[in-house]
Amino acid sequence: MLTTTLQRTLAILSLIVAGEVIFALPFHTSRFFRPTFLEEFGLTNTELGDMFALYGIVAMLAYFPGGFLADRFAPRWLIVVSLVLTGAGGLILAFVPSKTTLYVLFGYWGFTTIFLFWAAMIKATRIWGGANSQGLAFGLLDGGRGLVASVLATGAIWLLPWLAQGQAELSMQLIIYYYTAATFLAAVLVWWTLGDGNVGSVQAVPGSRQAWSGVARNPSVWWLAGIVVAAYCGYKGIDNYGLYAAQVLGMSDLASAKFVTAASYTRPIAALCAGLLADRIGANRLIRYVFGLLVLSYLVQAVFGFVYLGATLIMANLVLSVVAVYALRGVYFAVLQESRIAAHHTGAAVGIVSLVGYTPDIFFAPLTGRILDAGTPAEGFANYFLVLTILSVLGLLCAMVLARKVRREAP
């Protein structure tokens, strides 16, 4: 029993570490250090947004076939190969390549972080949670991923004093090497701890085209995809909080990075608490409550903003929206169990949900980059939070329709 418990603990820890570290190079470097990243690579918000769009297009094409592989192969090999390929891209980024190379690199990462990895991780987590602990499983996954992200970002901030000495390029390169090393080390961790048979009862179950077609015809899958679209837009929205702190609140680059990093420490608590609460009241009900909270938070930010509320209340409201977004990310895949989708079809369902749900990787950054580059920073961010308000309303509506469908079809 002890061995089984240890194996399960190591399995979920491996999934947590790998699940966050694999996205560190394409996302953490520009999320936690956005002003420095833009300056060092000579990018505008629009150009960086277009790079993320290319990432999203490649990722979108990779989600569905990735789900197909996840239903046929054990996760260990899929995850390790993904981490190694992603880390190799960091070695290129560290040389501060041209803009053209950056476009290619972000497209490359769209493939390496999704095709072999994403559906395999979600499927392993779902089966690890069993029938009664889906909220706990996904809460641990996303909360743990948040803790990993925050710890890594805190370590990276120690490298930033070079900025004060006029050595921004050296500082950014050290940060990139730091995240690259973490990616390779995560691959080693997964190789040694995530055995082919120690993630609960995960097995590769061949699926037929008919089975996949049946999953695709299930309306619950598409309503869940709508929920993920809205929630993921909220998550992508956090990427610009550091820029907001610098351009609107007047913080330094270092102070804005510290603010975003500090806010990220709420992710483990928010996701885990949301997961435990979802197991008690239902994932869908919790999602509806959180979307309602986000609508109010974003609307306050868009209508009142810095001029009327002041820096302290604005920062508090930003942190509130961060907590709500992290809570959503911790539970939205737990709805798979409530929707009664068979466990051995998880790869197919995740492939379809992710294909639609993560389309913000394509449109969100280009859209918001153009919004932020138009007009003054205060005007741009007012429109930015208005867009997030509308998207949260749409997410709330999708959750309400899905809840009604599940209640109507309950035995």
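The values are calculated or read from the model by the stated rules, or taken from the named source; none is laboratory data. This structure is a prediction, so every number in the text was calculated from the model and none was measured. As a convention, Cβ positions derive from the backbone with ideal geometry for all residues, glycine included, and neighbour counts pool all protein chains shown.
A few remarks follow.
- Output for segment 370-396, where each listed residue is without any contact (Cβ under 8 Å) to a residue 12 or more places away in the chain and more than 17 Å from residue 324 (Cα to Cα): 374, 375, 376, 379, 380
- Subset of segment 364-402 [more than 25 Å from residue 223 (Cα to Cα) and either at pLDDT 95 or above or not in a helix (DSSP H, G or I) (or both)]: 374, 375, 376
- Number of the exception - residue 101 against (1) of a type in the set (Val, Ile, Thr); (2) at pLDDT 90 or above; (3) surrounded by 23 or more Cβ atoms within 10 Å (Cβ to Cβ): (3)
- Of all residues making up segment 336-382, the number that are polar (S, T, N, Q) and crowded, with 21+ Cβ neighbours inside 10 Å: 4
- In this entry, residue 86 is excluded by the filter for residues that are within 22 Å of residue 174 (Cα to Cα) and either among the acidic types (Asp, Glu) or without any contact (Cβ under 8 Å) to a residue 40 or more places away in the chain (or both).
- For beta carbons closer than 8 Å, sequence separation of 6+ or different chains, a first residue in segment 22-49 that is touching a residue at least 40 places away in the same chain (Cβ under 8 Å) and hydrophobic (A, V, I, L, M, F, W, C) and a second that is assigned to a loop (DSSP other than H, G, I, E, B) and buried (at least 21 other Cβ atoms within 10 Å of the Cβ), the qualifying pairs are 22/113; 22/117; 23/113.
- Here is the figure for segment 22-68: residues that are among the aliphatic types (A, V, I, L, M) and over 20 Å from residue 80 (Cβ atoms) total 10.
Let's see how each residue does on (1) under 26 Å from residue 55 (Cβ atoms); (2) buried (at least 17 other Cβ atoms within 10 Å of the Cβ); (3) modelled with pLDDT under 90; (4) in contact with a helix residue (DSSP H, G or I) (Cβ under 6 Å, 6 or more places away or on another chain):
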position: 205; (1), (2), (3), (4): no, no, yes, yes
position: 231; (1), (2), (3), (4): yes, yes, no, yes
position: 253; (1), (2), (3), (4): yes, yes, yes, yes
position: 259; (1), (2), (3), (4): yes, yes, yes, yes
position: 262; (1), (2), (3), (4): no, no, yes, no
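- Filter result (in a loop (DSSP other than H, G, I, E, B) and crowded, with 22+ Cβ neighbours inside 10 Å) within segment 5-26: 22
- Within segment 251-262, being free of Cβ contacts under 8 Å to residues at least 24 places away in the same chain and either more than 23 Å from the chain's Cα centre (by Cα) or under 23 Å from residue 46 (Cβ atoms) (or both) holds for 251, 252, 255.
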